[in-house]
Each structure stands twice: as structure tokens, then as C-alpha cells.
There are 2 protein chains.
Amino acid sequence: MQRMTRQRAAVGELLADTDDFRSAQQLHEMLREAGHSVGLATVYRTMQTLAENGDVDVLRNAEGESLYRRCRKQVHHHHLVCRDCGRTVELDAAIVEHWAAEVGQAHGFVDVEHTAELFGTCAQCARRGSHDA
Amino acid sequence: MQRMTRQRAAVGELLADTDDFRSAQQLHEMLREAGHSVGLATVYRTMQTLAENGDVDVLRNAEGESLYRRCRKQVHHHHLVCRDCGRTVELDAAIVEHWAAEVGQAHGFVDVEHTAELFGTCAQCARRGSHDA
DNA sequence: ATGTGCATGGGAACCATTCTCACTTGCGGT
DNA sequence: ACCGCAAGTGAGAATGGTTCCCATGCACAT
């Protein structure tokens, strides 16, 4: 049974406030700054649970760190993430789904899953970055 | 300047012998078993160098561990990997490249990179697995 | 109000990877 | 062949994200 605790409420509140992907440690720090006292282990546990329930999206950055973000779509989808500011666009990608299914079948693989993420620099960050160039 | 050492020769030899993705630790173990004495740190360093030169493909499994494999294609490509035996198929995927480029442009992102990997169970492993079902 | 058992926290444990640094060795120059 | 030295190596320490442990806390049905 899932209990509603002070800590989980704080995490939920925080997630509702940001659109960007954040690491567990960042979230922990943000909670501290917001005056909530939540253990790091609890943040990890909570994010894990939320991820299992499909309430947050998880992806790994280039360093292998897990990043979390509340998700709107419950169905499978992909992301376009700004590598500077974390701004994220959720993507439907029927093309990718079809590609994965076809390729898997063509090679006799079953239970084919796929990962696909796009990383780039958003227009705003690109503009800002060009100032000092 | 790149020097040819006993250790690098051993790693190169080993990579030439297998088609499957292996972790640095697995490679290290395999070298030991083959009678070569190569430090773990050296394996990591070597794989890093090879990866930078585009001589091996690198991908991360679900646990975030880095897996390596010699690659035939020097150009960007994707993989279909058997999650049981590691058997790997290299994929051209113009579809995915186009998708990534279009989506990036549509949202004003620049320098868009992408990752896309397929994981499944190959025909052989699926057959073997169904025996005890 | 109370009991039960899920939840919490903080510090230790884990584990892949990287760093350190003294020692070895490939290799170009002589 | 021999030297010199910078590149390479290895064993262990350090790092850093994540999970585990377990005594204590607390949500919630009764």
C-alpha cells in the first residue's frame, strides 16, 4: 500500500514545478533549499517508485547519471533535451516504433524494446552561447 | 604518439575474436583466462582510446555499464542487441537520422545528436528459453 | 487512541570507472 | 647496438552515483 508522507508530497510538489530533467541529487538539493528535509535515499526510492508507475520519465545523460522529470504522456515516447538548460520536448515517434518493430522482426528477434533520445542545444541557449564567440 | 605494446596487441586480438558487446571487466577477465596479464586500468584506457578513434562501438546497458565491441562500420549506426547472449546486428537507419534532424529543426534545436539502440531476444535464445516454459 | 507494517534517514556498502605515481618499455635518434 | 625519455602500465587509492541496512518514525484502518 502506498502511503502519503510529508516527503512524498514535497517531491511531488517539486516535480510539478519544473519541466526539465533533473538528477536525484539535484532534486535533493532543491528540496533542501525549499526548506524541506528529505533524505537522499528517500529521493532515490521515491523516484524509483514513480518511474515504475510511469509517473516520471527517466533517462541517462552522457555520464550515466539518471535524470528524472514528471511526464504528461503515459504512453511510450521519446525526448529532445537541451544539453545546456535541460529544456525538454516530448516526442511522439511512430516512425521509430515502426522501424524498431520491422528491424526486430527482420532479424528474428522477439520482445524488442528500444531507447532513443535526442540531445541538442535549444534556440535560446544557442543565442546566448554565440554572444561570447 | 601511439605505441604498440604487448597489452594493446592482446586487446586487439581479443576484440577481433568476438562479435558481441562486452564490458571492460569481462574483457579483462577474458584476457586473464587467455594467459595475458593486462591491468584493468589498462583495459579501460585502451577501450577509451579505441572508442575515441571510432575503432570500437560503445553503448550502455540497462545498468549503465559500458559495453564495447569492435565495429566494422566507421560511420554512425545503431545496434540490435540480444539481451541474453549479446549477439549484435549493426543497423543503418537513415529513417532515424532523418527523424532526428527534422524534429531538431522543427523545435529550433541545433547540434542535435541522438542515441538509439534496440534490445531484444534473438531467435536462438528465444527457442532455448521456451524449453522450460 | 492503538497497533501494524510501510516509510524514512544517514551512514556504510557497492561497484564501475578514473586517478595517482613510481616503475617499465617502445622507439626514434645517434 | 645503445640511450634517453616520453608514453604506457599496474596496483591500489579515490571518486561518485546508487543501493543497502536497520533502528526509529509515522500513516492509516479499526
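The values are calculated or read from the model by the stated rules, or taken from the named source; none is laboratory data. Being a predicted model, the structure only gives us computed values, none of them experimental. Glycine also receives a Cβ, built like all others from the backbone with ideal geometry; neighbour counts cover every protein chain displayed.
Quick notes on this structure:
- Cβ pairs under 8 Å, 6+ apart, first in segment B:1-16 and away from chain A (no Cβ under 14 Å), second aliphatic (A, V, I, L, M) and within 8 Å of DNA strand D (Cβ to nearest atom): B:Gln7/B:Val38; B:Ala10/B:Val38; B:Val11/B:Val38; B:Val11/B:Val43
- Qualifying positions in segment A:102-126 - in a helix (DSSP H, G or I) and either over 24 Å from the mean Cα position of the chain (by Cα) or surrounded by fewer than 13 Cβ atoms within 10 Å (Cβ to Cβ) (or both): A:Glu102, A:Val103, A:Gly104, A:Gln105, A:Ala106
- Of all the listed residues (B:Val38, B:Val75), the sole one being part of a loop (DSSP other than H, G, I, E, B), β-branched (Val, Ile, Thr) and within 15 Å of the chain's Cα centre (by Cα) is B:Val75.
- A:Val58 vs. criteria of a type in the set (Val, Ile, Thr), in the same structural domain as A:Thr121 (by TED's automatic domain parsing), away from DNA strand C (no atom under 13 Å from the Cβ) and at negative phi: no
- Hits in segment A:1-17 (condition: within 6 Å of DNA strand C (Cβ to nearest atom), in a helix (DSSP H, G or I) and surrounded by fewer than 12 Cβ atoms within 10 Å (Cβ to Cβ)): none
- Among the residues of segment A:26-42, those identified as within 9 Å of DNA strand C (Cβ to nearest atom) and either surrounded by fewer than 14 Cβ atoms within 10 Å (Cβ to Cβ) or outside the structural domain of A:Ala9 (by TED's automatic domain parsing) (or both) are A:Ser37, A:Gly39, A:Ala41.
- Figure legend. Inter-residue proximity from segment A:105-123: first residues facing chain B (nearest Cβ under 7 Å), second residues of a type in the set (S, T, N, Q) and crowded, with 21+ Cβ neighbours inside 10 Å, beta-carbon distance below 6 Å, spacing 6+ or different chains. Indicated pairs: A:Val110/B:Thr121; A:Asp111/B:Thr121.
- Residues being farther than 22 Å from B:Ala93 by Cα, at pLDDT 90 or above and facing another protein chain (nearest Cβ under 10 Å) - total across segment A:65-87: 2
- Answer residue from segment B:59-89, given it is crowded, with 18+ Cβ neighbours inside 10 Å and without any contact (Cβ under 8 Å) to a residue 24 or more places away in the chain and is nearest to B:His28 (Cα to Cα) among those: B:Cys71
- Residue selected from segment B:41-64 under the condition part of a loop (DSSP other than H, G, I, E, B) and more than 14 Å from every other protein chain (Cβ to nearest Cβ), by the criterion nearest to DNA strand D (Cβ to nearest atom): B:Asn53
- The set of residues in segment A:18-31 that are more than 14 Å from chain B (Cβ to nearest Cβ), within 14 Å of the chain's Cα centre (by Cα) and more than 13 Å from DNA strand D (Cβ to nearest atom) comprises A:Thr18, A:Asp20.
- Inside segment B:56-74, residues that are among the acidic types (Asp, Glu) and touching a Lys or Arg at 6+ places or on another chain (Cβ under 7 Å) make up a count of 1.
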